[in-house]
Amino acid sequence: MPCWENMSLEHLNITLFQYINAPISASNFDIHLAIFLAKDTLYLLAIFLLAYWAFGQYTQKSLALKAMINCAIALLVGYLISLVYPHPRPFVLGVGQNLIEHAATYSFPSNHMLIFSSVLFSFLLAKKYAIAIILGATTFLMAWSRIYVGVHFPFDMFGALMVTACCSYVVHYVWPYCQGPIMHYSLYIYHLIFRPFIHRGWLSK
C-alpha cells in the first residue's frame, strides 16, 4: 500500500493514474467502451449543443452560445497554462498502457475536460439541473476513459476542472452585460444562413 502522506504531487498523480489506467488483463469490451467514451462523446456533446441552439427558443439559444463562448475562453486559458507548465502525457513518460494514438502534445490541463466542464458549469449555473446531472455523468465517464486509455493523468482532469470553474463564474456574471449584442449578431448570421429551414419550421427562430 502506498503511503499517501509522503508522496509528492507528481508521484501521487502517477500513482492515481496507475490505479485507473487499463490493466494488461483488460477485456475487449472494457477497452472498446473506454475508447468510445474517450473519443466519441465529444461529438455527442457538440450535437447536443447544436440541437439545443437549433430547436430552442431565445433563452435556450443564449445558454448554448454562452456555453460555447465559455469553452473557447477555457481552452485559451488552458493553452496559456500549458505554455507555462508543459507537462508530458503518460505515454511520453513511458507510464502505463496507451490504447489510442495521440499526438505528444502537453497534457495539462485536459482540453476534453475544459470543453465538457465548460458546458456542464454553464448549465449548472443556469439552474438546468436535470441536464447538468446528465452532463456531469458524461463528463465523469469521459475523464475516467481518457485516463484509462492512457492519454491523460488524473491531475490533468482536476486542473481543467478548476480552470473551467473559474472561467465559468466570470462568464456567468459578465454575460448579462454583453448578451444582447452578441445574441443580436449571432441570430442575424443564423437567420441569414438557415432562413429556408426556419421558414419551413424545421428550425426555431
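The values are calculated or read from the model by the stated rules, or taken from the named source; none is laboratory data. Just so you know, these numbers come straight off a predicted model, no measurement behind them. All Cβ positions, even for glycine, are placed from backbone atoms using ideal geometry, and neighbour counts span all protein chains on display. The protein model used for the area step is the full one, side chains on, heavy atoms only, and it has no ligands, DNA or RNA in it. Shrake-Rupley method; radii C 1.70, N 1.55, O 1.52, S 1.80 Å.
For this structure, a couple of remarks:
- Lone unmet requirement of (1) assigned to a helix (DSSP H, G or I); (2) surrounded by fewer than 18 Cβ atoms within 10 Å (Cβ to Cβ); (3) not basic (Lys, Arg) for residue 62: (2)
- Residue 129 being surrounded by fewer than 17 Cβ atoms within 10 Å (Cβ to Cβ) and closer than 18 Å to residue 166 by Cα: no
- Of the residues making up the stretch 87-112, those that are part of a loop (DSSP other than H, G, I, E, B) and either of a type in the set (Gly, Ala, Ser) or open to solvent by 50 Å² or more (accessible area, probe 1.4 Å) (or both) are 94, 96, 97, 98, 101, 102, 103, 104, 105, 106, 107, 110.
- Selection from the stretch 173-205 of residues that are assigned to a loop (DSSP other than H, G, I, E, B) and surrounded by fewer than 13 Cβ atoms within 10 Å (Cβ to Cβ): 200, 201, 202, 205
Yes or no, residue by residue, for (1) touching a residue at least 12 places away in the same chain (Cβ under 8 Å); (2) over 20 Å from residue 116 (Cβ atoms):
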| position | (1), (2) |
| --- | --- |
| 19 | no, yes |
| 27 | no, yes |
| 31 | yes, yes |
| 51 | no, no |
| 70 | yes, no |
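- Hits in the stretch 136-156 (condition: of a type outside the set (Ser, Thr, Tyr), in contact (Cβ under 8 Å) with a residue 40 or more places away in the chain and farther than 10 Å from residue 107 by Cβ): 141, 142, 144, 147, 149, 150, 154
- Of 163, 170, all but one fail to be within 12 Å of the chain's Cα centre (by Cα) and either acidic (Asp, Glu) or part of a helix (DSSP H, G or I) (or both); the exception is 163.
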